[in-house]
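Below: one structure, written as C-alpha cells.
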Amino acid sequence: MAAEDSFTLQLDLQEHYRFLASFDQEAVEPLLMDEPAPLGEGAGPNAARLLAAAIGNCLSASALYCLRRARVEVSGMHTTVTGRLSRNEAGRLRVGEVAVRIEPVVAEEDVPRMRRCLEIFEDFCVVTQSVRSGVDVSVAVEPVPARAPGGTDIER
C-alpha cells in the first residue's frame with residue numbers, strides 16, 4: 001500500500017471501557033469512545049455507531065461530490081443513519097443492517113439532473129463498498145509486561 005493510501009490511528013484505554021482514539025491528522029481532536037451501559041457508561045459513541053457514522057458520512061460526501069460535479073446547487077444536506085444489531089448463528093451480536101437516508105436540499109429544477117448521480121454515487125463510497133464486500137481484517141495481540149511502581153517487571 002502506498003504511503004498516501006494508508007492511515008494509522010491509536011486507541012488508548014482510559015478507564016473501564018473508555019478508549020481515546022487519536023488520529024494521524026494534526027487538526028483532528030482525539031475522540032472518546034465508550035460502550036453503552038451496562039458494559040460501559042456511554043460517555044462516547046461505540047464502534048458500531050462509528051461504523052454507521054462512517055458509512056453515512058462516506059455516502060453523503062460521495063453524493064455531494066457527484067451533485068456538485070453535475071452542477072447541482074446543494075444548499076444543505078441531512079443524513080439519517082439507522083443501524084440494527086442482530087445475533088449471528090453463534091448468538092454473537094453483529095451490525096446486521098445499516099439504512100441510510102440522504103436528503104439533499106436542491107432547487108426543484110435541479111432534481112432531473114440528479115438522476116445520473118443517484119445511479120453511481122454509491123460505487124464511489126470507499127467505506128460502504130468496503131463493508132459490502134467484506135474488509136480483510138488482520139489481528140495481532142502482543143502482550144506487554146506490566147511494570148511495577150519501581151519500574152521493574154511484575155512477576156506473573
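Considering (1) among the hydroxyl-bearing types (Ser, Thr, Tyr); (2) assigned to a strand (DSSP E or B); (3) in contact with a helix residue (DSSP H, G or I) (Cβ under 7 Å, 6 or more places away or on another chain), say which one residue 62 fails and leave the rest.
Only one criterion in (1) among the hydroxyl-bearing types (Ser, Thr, Tyr); (2) assigned to a strand (DSSP E or B); (3) in contact with a helix residue (DSSP H, G or I) (Cβ under 7 Å, 6 or more places away or on another chain) is unmet by residue 62, namely (2).
Residue by residue through segment 96-135, note down the ones that are under 19 Å from residue 85 (Cα atoms) and touching a Gly at 6+ places or on another chain (Cβ under 6 Å).
Result: 98, 100.
Within segment 69-80, is even one residue at negative phi, in a loop (DSSP other than H, G, I, E, B) and polar (S, T, N, Q)?
No - not one qualifying residue is present in segment 69-80.
Specify which of the listed residues (82, 128) is closer than 30 Å to residue 39 by Cβ, in contact (Cβ under 8 Å) with a residue 60 or more places away in the chain and not aliphatic (A, V, I, L, M).
Selected residue: 128, the only one of 82, 128 that is closer than 30 Å to residue 39 by Cβ, in contact (Cβ under 8 Å) with a residue 60 or more places away in the chain and not aliphatic (A, V, I, L, M).
Given the condition polar (S, T, N, Q), outside the structural domain of residue 10 (by TED's automatic domain parsing) and surrounded by 17 or more Cβ atoms within 10 Å (Cβ to Cβ), answer yes or no: does some residue in segment 60-75 qualify?
Yes, segment 60-75 has at least one match.
Restricting to segment 96-122, what's the tally of residues that are surrounded by fewer than 10 Cβ atoms within 10 Å (Cβ to Cβ) and closer than 14 Å to residue 61 by Cβ?
Qualifying residue count for the region: 0.
Suppose we filter segment 12-52 for residues that are under 21 Å from residue 127 (Cβ atoms), among the hydrophobic types (A, V, I, L, M, F, W, C) and surrounded by fewer than 12 Cβ atoms within 10 Å (Cβ to Cβ); how many remain?
Looking only at that region, the number is 2.
Is it the case that segment 68-76 has a residue that's under 16 Å from the mean Cα position of the chain (by Cα) and of a type in the set (S, T, N, Q)?
No; the residues of segment 68-76 include none that is under 16 Å from the mean Cα position of the chain (by Cα) and of a type in the set (S, T, N, Q).
Pull up segment 125-137, narrow it to residues that are of a type outside the set (S, T, N, Q) and surrounded by 16 or more Cβ atoms within 10 Å (Cβ to Cβ), then point me to the one that is nearest to residue 53 (Cα to Cα).
127
Looking at residue 122, is it outside the structural domain of residue 6 (by TED's automatic domain parsing), assigned to a helix (DSSP H, G or I) and either among the aliphatic types (A, V, I, L, M) or more than 23 Å from residue 48 (Cβ to Cβ) (or both)?
no
Go through segment 10-36 residue by residue and tally those that are assigned to a strand (DSSP E or B) and not aromatic (Phe, Trp, Tyr).
So the count comes out to 13.
Say whether the condition of being under 24 Å from residue 32 (Cα atoms) and surrounded by fewer than 16 Cβ atoms within 10 Å (Cβ to Cβ) is met by at least one residue in segment 87-95.
Checked against the condition, which is being under 24 Å from residue 32 (Cα atoms) and surrounded by fewer than 16 Cβ atoms within 10 Å (Cβ to Cβ), segment 87-95 yields at least one hit.
Taking residue 104 and the conditions (1) free of Cβ contacts under 8 Å to residues at least 40 places away in the same chain; (2) on the phi < 0 side of the Ramachandran plot, which numbered condition does it fall short on, given that it satisfies the others?
If we test residue 104 against (1) free of Cβ contacts under 8 Å to residues at least 40 places away in the same chain; (2) on the phi < 0 side of the Ramachandran plot, just (1) comes out false.
The values are calculated or read from the model by the stated rules, or taken from the named source; none is laboratory data. As the structure is a computational prediction, the values presented were derived from the model and not from experiment. Positions of Cβ are backbone-derived with ideal geometry, glycine not excepted, and every protein chain shown enters the neighbour counts.
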